[in-house]
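Bear in mind that the values in this text are calculations on the coordinates, not laboratory data. All figures in this text were calculated on a predicted structure; none of them were measured in a lab. No Cβ is skipped: glycine too gets one built from the backbone with ideal geometry, and neighbour counts run over all protein chains shown.
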Amino acid sequence: QVQLQQSGAELAKPGSSVKISCKASGYTFTSYAMHWIKQTTGQALEWTGYIAPGSGGTKYNEKFKGKATLTVDKSSSTAYMQLSSLTPVDTAVYYCARSTFNYGSYYFDYWGQGVMVTVSS
Amino acid sequence: DIVLTQSPVLAVSLGQRATISCRASQSVSISSINLMHWYQQKPGQQPKLLIYRASNLASGIPARFSGSGSGTDFTLTIDPVQADDIAAYYCQQSRESPFTFGSGTKLEIK
């Protein structure tokens, strides 16, 4: 069965970086896009971007350019998101979620369990 | 960016019909393909896909969930509402990047 297993909670200081992971199983990793979605405690969901695991090609929400960097390790079917220059505004739960690549089919049929990132001094 | 507007709260009685709406700031339909999707999120859990492309039931989702709409106005219907349906419901558009979500509607029991 399809599973997206994310890494554990992070506590980071302002100005630092964190790198969170999402290990995929139960499907061909390179056949689906991997997206990252931010959810603040106010419950709002924001799409940060996606990566094509086969090519490493990325597409970012302009709002998160310079903040988020998406990478993959095909050998372990793991996707990563690095968040840099952290501020308290980056405190949120971050989900990975997959979609197909077809235009119009960028909806998210499987989600990871989420990673809580807390930025505090 | 396309803004999706949802009412914050909807209160319904068990066994009745719940109608959750989502209005887009511009059309999310192309050539009769409606690029609106719906998710359910229970407290402490990740969102779950319910409906894709406005009216297609996702795998494993009960038939009491249905979706409709086109252009800028979309609806998620739950009929009949069960206690297990208490959750937040989000719409999401994939018409253009950045893909955006509505602010969510919390379904409550009267």
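Name the trypsin sites (Lys or Arg not before Pro) in region B:1-106 that are in a loop by DSSP and that have at most 12 other C-beta atoms within 10 Å, would you?
B:Arg17
If Rh is defined by the Kirkwood formula over all Cα pairs and Rg also comes from Cα, what ratio Rg/Rh do you get for region A:32-73?
1.01
Across all directions of projection, what mean area in square nanometres is found for the Cα convex hull of region B:11-71?
Averaging across all directions leaves 5.4 nm² for the Cα convex hull.
Please report, in whole Å³, the volume per residue of the convex hull around the C-alpha atoms of chain A.
Measuring per residue, one finds 100 Å³ for the Cα hull of chain A.
Mind checking B:44-53 for the average number of partner chain beta-carbons within 10 Å of each residue's beta-carbon?
Mean partner shielding for this stretch: 5.
Whole number please: convex hull volume per residue of the Cα set in region A:29-98, in Å³?
Per residue, the Cα convex hull of region A:29-98 comes to 81 Å³.
Could you list log10 I(q)/I(0) for region A:1-65 at q = 0.26 Å⁻¹, which the Debye formula gives when each Cα is one point scatterer?
-1.32
For every other residue with a beta carbon closer than 15 angstrom to the beta carbon of B:Thr19, add +1 if it is Lys or Arg and -1 if Asp or Glu, then tell me the sum.
Here the count lands on +1.
Under 10 Å, Cα contacts only: if you run a Gaussian network model on chain B, which one of B:Val28, B:Val12, B:Val81 comes out with the highest mean-square fluctuation?
B:Val12
Most mobile of B:Gly15, B:Gly69, B:Gly44 per a Gaussian network model of chain B (Cα springs, under 10 Å)?
Sorting by GNM fluctuation, first place goes to B:Gly44.
Would you mind getting me the FRET efficiency between B:Ala63 and A:Gln5? Use the beta-carbon distance for r and R0 = 35 Å, nearest 0.05.
Working from the Cβ atoms, E equals 0.70.
In terms of the ratio Rg/(2.2 N^0.38 Å) built on C-alpha atoms, what value belongs to region B:70-110?
Normalised Cα radius of gyration, region B:70-110: 1.40.
Work out how much length B:Val3 to B:Gln45 would gain on full extension: take 0.36 nm times their residue separation and subtract the Cα-Cα distance, in nm to one decimal.
Fully extending the segment from B:Val3 to B:Gln45 adds 12.7 nm.
Quick one: give the max-minus-min coordinate of the C-alpha atoms of the protein assembly as shown along each principal axis, largest first, in Å.
49, 40, 35
Starting from the eigenvalues of the Cα gyration tensor, five times each then square-rooted, give me the equivalent ellipsoid semi-axes of chain B, largest first, whole Å.
Equivalent-ellipsoid dimensions as semi-axes: 22, 14, 13 Å.
Under 16 Å from the 7 Å Cα→Cβ point of A:Asn102, by amide nitrogen: which residues of region B:5-40?
Within reach of a label on A:Asn102: B:30-37.
Distance cut-off 24 Å, Cα to Cα: go down the list B:Lys42/B:Lys110; A:Lys65/B:Lys42; A:Lys38/B:Lys42; A:Lys13/B:Lys48 and report the pairs above it.
Table pairs above 24 Å Cα-Cα are A:Lys65/B:Lys42; A:Lys13/B:Lys48.
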